[in-house]
Amino acid sequence: MSTWKKRAAYVAVCSLALTGLSGTFGTAAFATEGDDVAPTSGAQFDTLAQSLLTEDAVQAVATDADGNVVIYTTEPTADIGAGARSVAEDNSNVLVEVMDAPISAYSTNDVVGGAGYAGLTDPNATSASLCSIGFSAWSPAGAPAVISAGHCTEDGTAVISALTLPSGDTAGGAPEGSPVTLTQPLGELAFSQYGGPGNTAGEEGKADSVDISVIDVTNPALNTLPQVTDWTTSASEDLSTSTRPVRSVGAAEVGAQVSKSGRTTGFTSGPVESVGWANVEGRQVSGFLSILTSSQGDSGGSIIQGDRAVGVVSGGTTVEGQSVMWGANIQNGLALTGGYTVALFLDAPAVTEQSAPYFTDAPVSGTGPAGATLTVTPENGTPFDVAIDANGAWSFPAPGTEGNYSYSIVAKKGFDTSASATFDIAVVLAPPVFTAPLDGQLIETSLKAVTGTGKAGATVTLTGDVTGTATVDGAGNWSVPADLSYGAYSITATQETPDVIPTQNREFQALAASGGATVAFQVGPVAPVISSPANGVAYVEGSGPTQVSGTGINGAVVSVSVNGVSAGTATVANGAWVLSLVGQLAAGSVTITATQAINGITGTAATSTITITAVTAPAGTPGTPAALANTGAPVMPLLGGGLALLLAAGGMMLIARRIGATRTN
């Protein structure tokens, strides 16, 4: 869409060194000639102001350049509160101003996509090119910038720019053709191309046929945001209070909805019909066509597909009365700017909440923008960075000392920074660690001591099947005597350092101690001995062992298996046990396993692997089928009819029977 010029009416503006929306209120509602003078500074003024601000209608209390105290109220003079009226009537330097409406909070310094701006050739220009901001951006060095359409610069002649007052733009409710109010400077033109290189006509099919401009933001008061306004809050003059985030940059997808934001028609949406190249007033522009409402002044405005930046408004027309818009491909345009990038919205990181306190050095974890860097700032300490992985997860260790801790976290990716988040954690001493026994371990014969590691100087307390306390030595080790024989056991260990735990954390320490660290283990017998068959012995098939025997602990129950299949049990008596096997062992490798159990606890296993060798008898030997002699007659043709066939069949059956009888002899 080409640039259209409008006369710009400057309100409270002197050149482009603007000071905002400052102006005068006119004459005071009333000024008295009382004998007293109200304080205009110091503690007395502060007390007076705070007192007056408690009255409902009073919006502000301030002093002006003439030494007057000004009370700003939303009520008519006759209806102001008794306190304000008394102060105004009794003091000669008190003025009362009546406001049209209460003061509302809004920012005129937040710059968002879709907002209006004017491009001017010089500070004294009386006309301007009115366009819309596409997206907030970053220069190659990370300085703030904004992206718009190249044709908005009049082929690079509109080199300076200023923001327009939202309520004075058509999208903000101003009638078409109304004077436009400039609010404050925006920046200076850094790059512009409309069509081909050098603002030539460009060529169809060429990716360098674009419509893009970049404005370096030179006003330090402005805050560029990676968001696009929907224009619903223009009456407040703050377009940033209702926006859509921009999280990525990409190509427009045919068939999907896009939304456009601009100073003339506001926020409108429609489907993408096609992608390619268009002739926009004699210049070729790569991009896409969408069916949605746009008009003069929307040029350069942002086009998003979901939360993805896909283009800026380049031109438009109608098709059978239906408004259509041509959007310039933003990726092709950015590629020519020398390294400018669209500013992206990063979601604020979050910590994974847990109801229990953190143990010392345990991971504190959460989520954030994938691939970004998390900057963690402790309330007391040095900030540090943590990588956020491709799945959006991050973690860092909790402090190694008990206490309450506060953190502020923010995600950063390139020049983009998320909003910050804060959280508090309580850290208690982690449970000690068992080095012997280990959880699930089978210990042979007996347990004489429980050992582990912990925090030097802490007191370790054992409960369960072993009780006692120990102090962790300087090397971080501790040991508690034990005397456990065969059986199944469980022990829990906690540690405490009350001299360093703040009083407010004792409740958390109690929670930690109640869980502690627990191991469940068994003390069992050693493996029995398999005396016969001895490991490695080979047997000939048919002459293999018929029993398994060995030694063990008196009274233990020995369980035997052959190749993983139970073969039965035997009880150890006089230090020995024996178990008969059923039948001969089959040829091949045979593994015999034996364990012994005492008090229901099974110890480790003993194994013996033997080999059973198969024997193949020579042909013709007894018990081995030999080859039969060929006793059959030559095959002859059968003569005759059914009787001959019947006789032949009977003969064949007889022969078969005789052969069968012969094979069984």
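Tabulated results
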{"quantity": "Separation of alpha-carbon centers, segment 563-596 and segment 456-497, rounded to whole Å", "calculated": "41 Å"}
{"quantity": "Two-site FRET efficiency, Thr616 against Thr591, from Cβ-Cβ distance with R₀ of 22 Å, rounded to 0.05", "calculated": "0.35"}
{"quantity": "Cβ-based charge dipole, segment 79-185, positive-most Cα from Ala82, Thr183, Ser132", "calculated": "Ser132"}
{"quantity": "Packing rank of 197-207, 256-266, 318-328, where each peptide gets the mean count of other beta carbons within 10 Å, highest leading", "calculated": "256-266, 318-328, 197-207"}
{"quantity": "Leu579, Leu429 arranged by Cβ crowding within 10 Å, fewest neighbours leading", "calculated": "Leu579, Leu429"}
{"quantity": "Residues in segment 411-447 reached by a label modelled at Ala390 [backbone nitrogen below 11 Å; 7 Å Cα→Cβ]", "calculated": "none"}
{"quantity": "Around Ile304: net Lys/Arg minus Asp/Glu count, Cβ-Cβ under 9 Å", "calculated": "+2"}
{"quantity": "Environment charge at Gly368 (Cβ cut-off 11 Å; Lys +1, Arg +1, Asp -1, Glu -1)", "calculated": "0"}
{"quantity": "Spin-label pair Ala201/Asp361, simplified geometry with 7 Å Cα→Cβ offset, distance in nm", "calculated": "7.5 nm"}
{"quantity": "Mean-position separation - Cα centroids, segment 283-338 and segment 184-216, in angstrom", "calculated": "14 Å"}
{"quantity": "Kirkwood hydrodynamic radius over Cα pairs of segment 350-427, then Stokes diffusion coefficient at 10 °C and 1.306 mPa s, in µm²/s", "calculated": "125 µm²/s"}
{"quantity": "GluC sites (Glu not before Pro) restricted to DSSP loop in segment 330-432 with at most 10 other C-beta within 10 Å", "calculated": "Glu353"}
{"quantity": "Kirkwood Rh and Cα Rg combined as Rg over Rh, evaluated for segment 302-455", "calculated": "1.28"}
{"quantity": "Cα-based Rg of segment 110-342 normalised by 2.2 N^0.38 Å, two decimals", "calculated": "0.90"}
{"quantity": "FRET efficiency for Thr604 and Asn404, using Cβ-Cβ distance with R0 set to 51 Å, rounded to 0.05", "calculated": "0.55"}
{"quantity": "Aspartates and glutamates whose Cα lies under 18 Å from that of Lys260, excluding same-chain neighbours fewer than 8 positions away", "calculated": "Asp169, Asp211, Asp230, Glu273, Asp298, Asp307"}
{"quantity": "FRET efficiency, 1/(1 + (r/R0)^6) with R0 41 Å, evaluated for Ala125 and Glu253 via beta carbons", "calculated": "0.55"}
{"quantity": "Proximal aspartates and glutamates relative to Lys448, as straight alpha-carbon distance under 16 Å, when same-chain residues fewer than 8 apart are discounted", "calculated": "Asp465, Asp483"}
{"quantity": "Hull shadow area, averaged, segment 384-441 [alpha-carbon convex hull, nm²]", "calculated": "6.7 nm²"}
{"quantity": "Local electrostatic count at Val433 - Lys and Arg +1, Asp and Glu -1, tallied over other residues with Cβ under 13 Å", "calculated": "-1"}
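Every number in this text was worked out from the coordinates using simple rules, so none of it is lab data. Computed from a predicted model, the values in this text were never measured in an experiment. Here the Cβ is made from the backbone with ideal geometry for all residues, glycine too, and neighbour counts use every protein chain on show.
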